[in-house]
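One structure is given below, encoded as C-alpha cells.
The values are calculated or read from the model by the stated rules, or taken from the named source; none is laboratory data. Bear in mind that the values here come from a model prediction, so they are computed numbers and not experimental data. Here the Cβ is made from the backbone with ideal geometry for all residues, glycine too, and neighbour counts use every protein chain on show.
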Amino acid sequence: MDIKIIESLGVLIAFVLIYILNKRAINNTLKRFEIGYPRRKMVTKMINAIMIAVAIIVLAAIWGVNHSQIIVFLTSLITALGIAFFAQWSLLSNITSGLILFFNHPLKIGDKLRIYDKEFPKTGRITDITYFFVHLKTTEDEHITIPNSVVLQKMIAVVNEEENSI
C-alpha cells in the first residue's frame, strides 16, 4: 500500500479519537463551570471546526499540496474574516458578531433584554442565541429575531426583574 494512504488513515483515526475525547472533556469542563447547554454546543462546534481545519491541513501536507497554496488559502480566509468585522449586513458579520456576543457580552439565554431603538423599542426574554440571530420572546408573545451585528450596534440593557417592579 502507498504510504500516503496509511498516513491519511492514521490522521483520520487520530481525528476521530481526539474528537470523542475532546467532546467528553469539553462537556465535563463546561458542566463543572455551570455553562448552559446552548453555549456548550457552540463551544463544541467551534473546537470541532478548528480540529477539522487542522486535519485538512495535515492531510494536504501528506498529499503534497504546495505550501504556498496553503498560505494563499489561509490568508484569503483571514482576509474574509477581517472584512466581516467591517461589513455590517453580511453573513460573516453576523457570525463574527455572534462570537463576540458569546465571549465578551453579558447576554445569556433567559435574560430579559431591552433594546433602546428610537423607532422600534422592544423588550423581551432571550430564548436562543445562534451564530446569526438573537431570538427574543416579548410579553405580547411575539417572537423576534435580531441579527447579531444589530445587537452589537444598538443600545441594549439586560433588565433585572427588580427593575420591572419599580
Worksheet item: Out of (1) modelled with pLDDT under 80; (2) in a helix (DSSP H, G or I), what's the single condition that is false for W89?
Response: (2)
Fill in: Verdict on N104 being without any contact (Cβ under 8 Å) to a residue 24 or more places away in the chain and among the polar types (S, T, N, Q)
yes
Fill in: Hey, L30 within 27 Å of V151 (Cβ to Cβ) and not β-branched (V, I, T) or not
yes
Worksheet item: Are any of the residues in the range 60-81 within 30 Å of H135 (Cβ to Cβ) and in contact (Cβ under 8 Å) with a residue 12 or more places away in the chain?
Response: yes
Worksheet entry | Positions within the range 13-45 being modelled with pLDDT of 80 or more and either of a type in the set (A, V, I, L, M, F, W, C) or assigned to a loop (DSSP other than H, G, I, E, B) (or both), in sequence order | I13, A14, F15, V16, L17, I18, I20, L21, A25, I26
Worksheet item: From the residues in the range 92-141 that are assigned to a loop (DSSP other than H, G, I, E, B) and aromatic (F, W, Y), which one is modelled with the lowest pLDDT?
Response: Y131
Worksheet entry | Number of the exception - K112 against (1) closer than 30 Å to G82 by Cα; (2) surrounded by 15 or more Cβ atoms within 10 Å (Cβ to Cβ) | (1)
Worksheet item: Has the range 50-61 got at least one residue that is outside the structural domain of D128 (by TED's automatic domain parsing), loosely packed, with under 12 Cβ neighbours inside 10 Å and either modelled with pLDDT of 85 or more or closer than 27 Å to F103 by Cα (or both)?
Response: yes
Worksheet item: Any idea how many residues of the range 62-85 are surrounded by 13 or more Cβ atoms within 10 Å (Cβ to Cβ) and more than 30 Å from I109 (Cβ to Cβ)?
Response: 4
Discussion item. Tell me the residue from T79, T75 that is more than 17 Å from the chain's Cα centre (by Cα), at pLDDT 85 or above and more than 21 Å from R39 (Cβ to Cβ), please.
Written reply: T75
